[in-house]
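Asker: Shown below is the structure under consideration.
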Amino acid sequence: MEVFLANAWLIPALPLLACALITFTPLRRSNAASGWTAIGLLALATLLALGLLGATARGLALRDGQLTTLERGHGAHGEAGFTFPEPNLVQRVDWAPAGERVLAMGLYVDTPVATMLAMVTVASLCIHIFSLGYMAANPRQSRFFSFIALFTAAMLLMTMADNLLLFFMAWEVMGLCSYLLIGFLYQRPQAYRAAVKAFIVTRIGDVLMLLGLVYLWTLTGSLALGTGEGEIFNPALLARLGDEHGPLGLTHATGIALLLFCGTIGKSAQFPLHVWLPDAMEGPTPVSALIHAATMVAAGVFLVARTFPIFEADGGVALGVVTFIGAFTALFAATVALAQFDIKRILAYSTLSQLGFMVAALGIGGWVAGLFHLLTHAFFKALLFLGAGSIIHAMEATPAIARLHHADEYAAQQTAQDIRNMGGLRTRLPWTFWTYTLGYLALAGVFPLAGFWSKDEILADAFKGGHAVVFVVLALAAFLTAFYMTRQWRLVFFGAFRGEHPVVFINPEKPPPAHHDHATGHGASPHATADDAHWHESPLLVAPLVVLASFAVTGGLFNLPFSGPGGHWLSDLWGQEAATFSPLVAAISLLVALGGIAAGWVLYGRAFHTAGETDPLEQRAPGLFRLLYQQYRVDALYAASFGRLVALLALAWAWIDRHVLDGVVRGVGRLTLFLGRLNFIIDDTLLNDGPDALASGTVASGRRTRRLQTGRAQDYLGYLFGGVVVMALVYLYLIRP
Amino acid sequence: MTLPAYLLPSPDGVPWLTLLMLSPLAGLLLVGLGSWLRLDERTLRLGATAWTGVPIALAAVVWSRFDPGATAAGQGVVQLVERVPWITAIRVDYFLGVDGLSLPLVLLTVVMAPVAAIASWGVVERPRAHYALLLLLEAAMLGYFLALDFFFFFIFWEFSLVPAYFLIQGWGRDDRRAAALKFFVYTMAGSIGLLLLFQVIYLAMRQAGLPTFNLIDLGRLGRSLPVEGVEGSLREILFAYMERLGVAGALGRYPLLYTSIAFWAIFVAFGIKLAVWPFHTWLPDAYAEAPTAASILLSAVMSKMGAYGMLRIMLPLVPDASQYFAPVLGALALAGIVAGAFGALANIGGDIKRLIAYTSINHMGYVMLAIAAAAAAPGGATIDSRAIAVNGAVMQMVAHGLSTGALFFLAGCLHARTGSWLLADYGGLRVAAPAFAGVMGTALFANLGLPGLAGFVGEFFIFRGAWATMPLFTALALIGLVITALALLLMFQQLFLGPLREGLSRVPDLRPAELGTMLPVLGLLLLLGVYPAPVMNLANATATQLVAIFQNLLT
């Protein structure tokens, strides 16, 4: 067991090694070899992470190289405020000098960290394996693996960081990987635009988070996690942060917590910085599953969880904001998901909404519930995305879309992602159907799947804490979740296949030739019966689905009221008080889920016989549906306000440079020349040659000036030195005091 | 002559710094010899490039003999000191030495010289003169960072303009003459005040009993640290001299007034060089019109001469005025950060070199912010905060030198391939040149401050240090972080992403020589980003001692 603790550093190091190997050695020339390298090293890291979880679950800890056993605390979240379990491992090395102190960097492992590491490695491994099949047709598959290996390394390092600076550094590297992978198909304008958008929008949150770190470090003298002297969770320090007031009349704790939370808003795509995540779906589907559903976007939630004592230190102001943003996003995103047709976009908005659940859970003090939902969500959302990938993969092979593919690859892909063009895939993709169904039921919160338990715990916390508004909002969001997922599931898997006459995506970058479009839209119908031959599910795609589905089913078991000797195994593991299980809340939550499912089932039971029909919701409320379909037009609003402002400012600063500042410089230059000429005329013509020689003097002045500007290095050098020496001599010897 | 405790001669008696400073000049002689022997251009190119390894080796020796932690008598110990009386009539010494502020920049200079040398391989017109000027420029910049007597310091300061001027003027682009003249005259004009100031300081010191141009001693006097042979602080000495001249009677009996005048004389000179807003307009012209090698050396090293001057002269000599005017400096720094960022954004689709030049203005704004914050009045800030700001500034200078140098180098490579500087003429190059895109992307992310690469460390430490004394300016400076990133990413997008533009399909990928040049630079950026201690340890002790005085209210 000691070996897992002592070698914990290998967990992020192995994927990093994979990235380096794939990038810099000849492995990069082979798609398969690079993929298996990444998978092999990650599998090793997964074993280490699971071993580490086992070791920490037993309470083993490494103190100065000695193996000891920790007493596990209970009920720490009482009067004294939130406390973390004792760390199992802290390793630090000096990193950079900072005045009279030294900034150290290192690893910090406690039980929540070990749990996160296990989740990240397992989910990432599944997605790595899936990618091997999914990206097989892409000639740049090795590059893909080097990016996701780097991403995984960064995510693991962030999880294990012993201080917030290292946390932030890994966090930003994940942002880089997200940028690279969203823009992986870099020849598509939509892809690289989405990549830049994702990077810049999250960077807005990130720089504010950076300011929060700077603020915190200025007050504490370090950024190290821990409760010791000079560490950021030191009780005396937290009390001081909560009492003293900083800028804008906020307490230090509020200011720091809100700035840190800006990082969460960016990274976890909370309103109002959520706009990048739906566009991020331009990335390959495994990327959406790994980065934009399971791990990176959850990092924002993890940040709040990791710095929770600071959020708590101000007596509830910061957590109030957290709750508001989380609950609002949960509902807001759920409504948008109602009116989307793109299978990945629905899942993306669903991710936003679920992240909102987690953030709101943390905001109302449900630390365990929030983190628990993070873990279960990672598995079932990754499962749903991979299932969607499997569906899209199959859809792209259907004749109508395959034909479109030759004309316009991007339009073909978008058409393949449109749920209106699917239908009846239940029999055609059985493995995908069954696993997807489990993921869907888990997300909808149906007993006894993972999502039910974790979502129920959040609702129970809201109920117990007396947050009535939060409870209602989240319950409503949960209802909508069940509804839109049923809509999607029903349209994708049931009814007749509608893909022979798809709703063709019109690519604004590349308008398809009219005749061709007609042929793809309708010409395919006579041959539609032959299409069943194309449906297939590759084992490389199915195996990860099955693994993830098993977690989606069983994930909830870890924190059941009866899952351990003291009940609530995870709460116990994390050293927290167990949430009280409320049968009433569980019943409400189940009713809400079933209600949503029933509504969806009924409403979409007879909808969409052909792909071109109007959505039943649109028939009932066309205006609202358009608004939701356009995602409340937030993008357009931002483009019209911030986008224009930035462009205008760029023009304004350029204008100031060119006309005002440079104008002054040129003006001074001209004035100097003028004065010089005047001086020359006075000296040389009036005083020396007299008025009669005025004309010849002017000529001479020109000649003399010309002679000055010989353009030869030595001359200029001579003048320069001459000037310096003369000035020195004049001032030192002639002007005597 | 016996040296005080804060000056430490070379441990083995070898004048390493003189050798270091003269080594590029020896290269210059070799170039001359080579052309006299009528060696072909290829040999000359390779020879001159190889010779830039000699200063690197010597600098490495200097580094190995430097003890970064040494402090004595309230300052970082100046090491490997060589001090010989030179012009006894005006007490000018030949006085070289390195401390934690100059050594990182010396190392940066020697590292960037070969990059510039390789970037000039494509020069066909008068290559001998081109190489001669490059080596001359390197020598002048090294001399500037090593000289500790104002007389030599100033000579190197002015002298470095000459090769830069001729490089721009002789090998630059279409508007080179105007740009070169503007660059030259602007910097010259700005430093007149500095020159006059030091005459006055010399005379004041003579009255106080110790006529000197010794920057270390003057810096100690400025900070009220004891110097043998003279009593009082520089502020009192200047004021006494002003009273003696009768100026104080006429202008007012405020000591701060005279240090303020001194401060502005110093600040304008160095501010222009650092391209502090609003003195920055020469920079985009000069960087853009210069040939690639000169762009590299100008942006990577020369702009740092301004910041170094502020740290070496402005903060120690007139700390009271520096502290008094720190808010003004902070505001100018902020203006530069924002102006640079938006200026870069305005060049999307325009000239690639102008875009990079504007990001340089932005980055130098952070350095200015750090210097202002280090000097600002104590508002409960710890000495650590100030030291962190200065450490961050040094790190930022090194990181920016490496990454911007790399970007200019790569921009030059692009131009050599397509003949265009206009971003609008590019598109989709990643298809044709994937390795090029990867290398340029790395340099660009280093430039925009991605963690794991050196630029981030500098920026983070600057923000950390600046927040303690100037929270508002620091918060507003965040705009620069976002907008610069946007501008650079859009530049990358314009160059490399999207469908390949017609006519670019035959553009060759990165050549081995180019890759070989970039890999060490990018490797250093990565190394310092992951483990910045090698550079920051150099600066930390000196910086901590330097900023100690600002913990007191000086005005």
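Please treat every number below as a calculation from the coordinates, not as lab data. Only a predicted model underlies this, so the values are computations on that prediction, with no experimental measurement involved. Neighbour counts run over all protein chains shown; Cβ positions are idealised from the backbone, glycine included.
Asker: Just need the Rg to Rh number for chain B, please, alpha carbons only, Kirkwood Rh.
Answerer: Numbers: Rg = 22.8 Å, Rh = 23.5 Å.
So for chain B, dividing Rg by the Kirkwood Rh gives 0.97.
Asker: Set the Förster distance to 30 Å, then compute FRET efficiency between B:SER505 and B:LEU29 from the Cβ-Cβ distance, nearest 0.05. Mind dumping the intermediate values first?
Answerer: Values: r = 46 Å, r/R0 = 1.54.
So, using R0 = 30 Å, E works out to roughly 0.05.
Asker: Taking 7 Å along the Cα-to-C-beta vector as the label spot, tell me the A:ALA137-B:ALA189 distance in nanometres, rounded to one decimal.
Answerer: For A:ALA137 paired with B:ALA189, the spin-label model returns 6.5 nm.
Asker: Using the beta-carbon distance between A:ARG620 and A:ALA43 and R0 = 60 Å, what value does 1/(1 + (r/R0)^6) give for FRET efficiency, to the nearest 0.05? The partial results should precede the final answer.
Answerer: Numbers: r = 50 Å, r/R0 = 0.84.
Plugging the Cβ-Cβ distance into 1/(1 + (r/R0)^6) gives 0.75.
Asker: Put a dot 7 Å past each Cα toward the Cβ at A:LEU590 and A:THR554; how far apart are the dots in nm?
Answerer: For A:THR554 paired with A:LEU590, the spin-label model returns 2.3 nm.
Asker: Next question. Kindly give the semi-axes, whole Å and largest first, of the ellipsoid equivalent to segment A:369-440, taking each as the square root of 5 times a Cα gyration tensor eigenvalue. Let's see the in-between values first.
Answerer: Details: eigenvalues 161, 41, 12 Å².
The answer is 28, 14, 8 Å, longest axis first.
Asker: Averaging the inverse of every distinct alpha carbon separation and then flipping it gives the Kirkwood radius. What is it for chain A, in angstrom units? Don't jump to the answer; show the numbers that get you there.
Answerer: Numbers: mean 1/r = 0.0350 Å⁻¹.
After inverting the pairwise mean of 1/r, the radius is 28.5 Å.
Asker: Hey, another quick one. Which one, B:TRP36, B:LEU161, A:PRO87, is farthest towards the positive end of the dipole of the protein assembly as shown when Lys and Arg carry +1 and Asp and Glu -1 on their Cβ?
Answerer: The residue sitting most towards the positive pole is B:TRP36.
Asker: Just tell me how shielded B:201-214 is by partners: mean number of partner chain Cβ atoms within 10 Å of each residue's Cβ, no decimals.
Answerer: Working: counts 0, 3, 5, 1, 0, 2, 1, 0, 0, 0, 1, 0, 0, 0.
Averaged over the peptide's residues, the number is 1.
Asker: Let a ≥ b ≥ c be the square roots of the eigenvalues of the Cα gyration tensor of segment B:276-317; is it rounded (a/c under 1.5), or, if not, prolate (a/b larger than b/c) or oblate?
Answerer: On the way: a/c = 5.21, a/b = 1.83, b/c = 2.85.
Judged from the Cα gyration tensor, segment B:276-317 comes out oblate (a/c at least 1.5, b/c at or above a/b).
Asker: By how many degrees, 0 to 90 and rounded to 10, does the Cα axis of helix A:367-396 deviate from the longest principal axis of chain A?
Answerer: Tilt relative to chain A: about 90 degrees.
Asker: Now, a different point. Taking loop as defined by DSSP and a crowding limit of 14 other beta carbons within 10 Å, which trypsin sites (Lys or Arg not before Pro) in segment B:25-57 fit?
Answerer: Values: sites: B:ARG38, B:ARG42, B:ARG45; in loops: B:ARG38.
Passing both the DSSP loop test and the Cβ count: B:ARG38.
Asker: Counting other beta carbons within 10 Å of each residue's own, what order do A:ARG606, A:ARG677, B:ARG312 fall into, fewest first? Could you put the intermediate results ahead of the total?
Answerer: Values: A:ARG606 9, A:ARG677 13, B:ARG312 24.
Listed from fewest to most nearby Cβ atoms, that is A:ARG606, A:ARG677, B:ARG312.
Asker: Still on this structure, please answer the following. Rank these for me by crowding, A:TYR410, A:TYR638, A:TYR192, going from fewest to most other beta carbons within 10 Å.
Answerer: Values: A:TYR410 20, A:TYR638 16, A:TYR192 25.
With the sparsest Cβ surroundings first, the list reads A:TYR638, A:TYR410, A:TYR192.
Asker: A further question follows. Would you mind checking the tilt of helix B:127-146 against the longest principal axis of the Cα atoms of chain B, expressed as 0 to 90 degrees and rounded to 10?
Answerer: Rounded to the nearest ten degrees, it is 30.
Asker: In nanometres, what is the gap between the two model label sites at A:TRP601 and B:VAL247, each 7 Å from Cα along Cα-to-Cβ?
Answerer: If labels sit at A:TRP601 and B:VAL247, their model points lie 9.3 nm apart.
Asker: Tell me, Kirkwood radius of segment B:267-385 from alpha-carbon pair distances, in Å? Before the final figure, lay out each step's value.
Answerer: Values: mean 1/r = 0.0688 Å⁻¹.
Final number for the Kirkwood radius of segment B:267-385 is 14.5 Å.
Asker: Which of the chymotrypsin sites (Phe, Trp or Tyr not before Pro) across segment B:1-94 are loop residues per DSSP, with 13 or fewer other Cβ within 10 Å? Write down the numbers at each step before the final one.
Answerer: Working: sites: B:TYR6, B:TRP16, B:TRP36, B:TRP51, B:TRP63, B:PHE66, B:TRP86, B:TYR94; in loops: B:TYR6, B:PHE66.
Passing both the DSSP loop test and the Cβ count: no residue.
Asker: Aspartates and glutamates within cross-link reach of A:LYS464: Cα-Cα under 15 Å, excluding same-chain residues under 8 positions apart?
Answerer: A:ASP456, A:GLU577
Asker: Which aspartates and glutamates, on any chain, are close to A:LYS197 with Cα under 17 Å apart, when same-chain ones fewer than 8 places away are left out?
Answerer: Correct list for A:LYS197: A:GLU172, A:ASP206, A:ASP279, A:GLU282, A:ASP635.
Asker: Considering the Cα trace of segment A:100-168, what is its radius of gyration and what is Dmax, both in angstroms?
Answerer: Radius of gyration, then largest Cα-Cα span, for segment A:100-168: 15.5, 56 Å.
Asker: Once Lys and Arg get +1 and Asp and Glu get -1 on their Cβ, which of B:SER260, A:PRO247, B:GLY405 lies farthest toward the positive end of the dipole of the protein assembly as shown?
Answerer: Toward the positive end, the furthest listed residue is B:GLY405.
Asker: Taking the 0 to 90 degree range and rounding to the nearest ten, how far is the long axis of helix A:343-363 tilted relative to the main principal axis of chain A, both from C-alpha atoms?
Answerer: 90 degrees
Asker: Let me ask something else. What translational D, rounded to a whole number of µm²/s, comes out for segment A:41-141 from Stokes-Einstein when the hydrodynamic radius is the Kirkwood one over Cα pairs, at 4 °C and 1.567 mPa s?
Answerer: Values: Rh = 16.5 Å.
D, rounded to a whole number, is 79 µm²/s.
Asker: Still on this structure: Sorted from largest down, give the three principal axis spans of the alpha carbons of segment B:161-293, whole angstrom values.
Answerer: Each principal axis gives a Cα extent; for segment B:161-293 these are 55, 31, 20 Å.
Asker: Scan around B:ASN214 for amide H atoms under 5 Å from its own, H built in the peptide plane at 1.01 Å from N, and keep only partners 5 or more places away or cross-chain.
Answerer: Placed amide hydrogens put B:PHE150 under 5 Å from B:ASN214.
Asker: Okay, next question. Using only C-alpha atoms and all pairs of different ones, pull out the Kirkwood radius for segment B:387-441 in Å with one decimal.
Answerer: 13.0 Å
Asker: For segment B:325-549, treating each Cα as an identical point scatterer without solvent, what Debye log10 I(q)/I(0) comes out at q = 0.16 1/Å?
Answerer: Here the Debye-derived log intensity ratios amount to -0.99.
Asker: Separate question: Compute the projected area of the convex hull of the Cα atoms of segment B:366-487, averaged over all viewing directions, and report it in nm² to one decimal place. Present the calculation step by step, with values, prior to reporting the outcome.
Answerer: Values: hull surface 32.0 nm².
With the hull built on Cα positions only, its mean projection is 8.0 nm².
Asker: For the protein assembly as shown, list log₁₀ I(q)/I(0) at each q in 0.05, 0.07 Å⁻¹, using the Debye formula over Cα point scatterers of equal strength and ignoring solvent, two decimals each.
Answerer: -0.40, -0.75
Asker: What percentages make up the Cα-Cα pair-distance distribution of segment B:81-162 when the bins are 5 Å wide from 0?
Answerer: 3, 14, 20, 20, 16, 12, 7, 5, 2, 0
Asker: Provide the descending list of Cα extents for segment A:116-244 along its principal axes, expressed in whole angstroms.
Answerer: On the principal axes, segment A:116-244 reaches 58, 32, 16 Å in Cα extent.
Asker: While we're here: Taking a quarter of the surface of the Cα convex hull of segment A:297-364, what do you get in nm²? Provide the component values of the computation, followed by the final result.
Answerer: Details: hull surface 16.4 nm².
If you wrap the Cα atoms of segment A:297-364 in a convex hull and average its projections, you get 4.1 nm².
Asker: Now a separate question. So what's the Cα pair-distance distribution over segment B:458-537, bin width 5 Å, in %?
Answerer: 3, 10, 12, 13, 18, 17, 11, 8, 6, 3, 1
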